[in-house]
Amino acid sequence: MSQFIKITEDYSVAHQLGSAAMDAAAKAGFHAVICNRPDNEESNQPTLDEMAKTAARAGLAFHAIPFDMNSFDRAVVDALETAIGTAKGPVLAYCRTGTRSTMAWCALQRRAGREMADILEDARAAGYELDGAAGLIESLA
């Protein structure tokens, strides 16, 4: 299975990326990378600064929108909307497992007026079961 999990043609998610993954993301056709993982969530993860530099070397735009479930709010969805809106092509977002990146995308989709059932089906098709988070997603849209 690819390390990049396609949600739509223009938005994919991933588990924590390593520096080498930035070159792979560029070769896969991504134009921007969004990190939804706060620094020091785990001791061995690359820092936002390290990932931003690696993304730049690979020719990718990099957006740091770190959050955990305690700081997941409308500002996160606003920042995601801006990052996606300025991307010149497909976007890859990552966190520890891809779940937070998918949830933020779901909230953005709901904000755009898509039906929750359709949004959750897209997430489910990508391997993310988010029915239990529908209320939270709705509240952030």
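The values are calculated or read from the model by the stated rules, or taken from the named source; none is laboratory data. All of these numbers come straight from a predicted model, not from anything done at the bench. Ideal geometry is used to build each Cβ from the backbone, glycine not excepted, and the neighbour counts take in all protein chains shown.
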Original post:
Only one residue in R124, R96 is in a helix (DSSP H, G or I) and not aromatic (F, W, Y), so which one is that?
Top reply: R124
**OP:** Answer yes or no as to whether L80 is part of a helix (DSSP H, G or I), hydrophobic (A, V, I, L, M, F, W, C), under 21 Å from D49 (Cβ atoms) and within 14 Å of the chain's Cα centre (by Cα).
**Re:** yes
**OP:** Inspect all residues belonging to the range 25-33 and state whether any of them is on the phi > 0 side of the Ramachandran plot and loosely packed, with under 15 Cβ neighbours inside 10 Å.
**Re:** yes
Original post:
Of A79, A107, A64, A93, which residue is touching a Cys at 6+ places or on another chain (Cβ under 6 Å) and buried (at least 17 other Cβ atoms within 10 Å of the Cβ)?
Top reply: A64
Original post:
Among the candidates G85, G89, which residue alone is assigned to a loop (DSSP other than H, G, I, E, B), at pLDDT 95 or above and within 15 Å of the chain's Cα centre (by Cα)?
Top reply: G89
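From the list Q109, Q3, Q45, exactly one residue is out of contact with any strand residue (DSSP E or B) (no Cβ under 6 Å at 6 or more places or on another chain) and modelled with pLDDT under 95. Which is it?
Q45
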